1. Relative to the present Cα-Cα distance, how much length would full extension add between ARG47 and ALA68 at 0.36 nm per residue of separation?
2. Rounded, prolate or oblate: which fits segment 39-142 when a ≥ b ≥ c are the square roots of the eigenvalues of the alpha-carbon gyration tensor, with rounded for a/c under 1.5 and prolate only if a/b beats b/c?
Amino acid sequence: MKPPRTNGAMLLALVAVLSLAGCAHENDERDEQRETERGTSLTITTRQTIGDVMYIEGAVPDIVVESADGTTVRPTRQRRDMWIWDGLTPGTYTLRAGLRPCGGNCGSLDRVTDKCRGDYEVEGEVRLHVHLEAGRPCEIEEAADR
């Protein structure tokens, strides 16, 4: 009597499963490595409202982040009202924010006004929100959608 062919099929299926399990493990390691390389991220969003004072030509948010040694850290991405820093080394960073009124047009900006600042421990993903209102110091808070 001939031995059933199912043993060969089962052996082939077992080899395939073990191979795929090895691929999944490699993907997990690559994901962990990417996470480590990315380090920490800081996202800052802004909202500008009109208060008792109004800058006739408008004003532009001024967002500056400095590392603990005072070095200005440039954002990796920036949109109109959002600044993102990816790959930061974990540590304490200073956020300086304010408005720069437009001097005739927004191609020429006046000095920073309506300022605020804060020191933040950045580890993992940190989201901050800055509320800017002409004529008042700005306010920084942790973003609710964290």
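1. Full-extension gain reported as 4.9 nm.
2. Prolate is the answer for segment 39-142, as a/c is 1.5 or above and a/b outweighs b/c.
Bear in mind that the values in this text are calculations on the coordinates, not laboratory data. Values in this document were obtained by computation on a predicted structure and should not be read as measured data.
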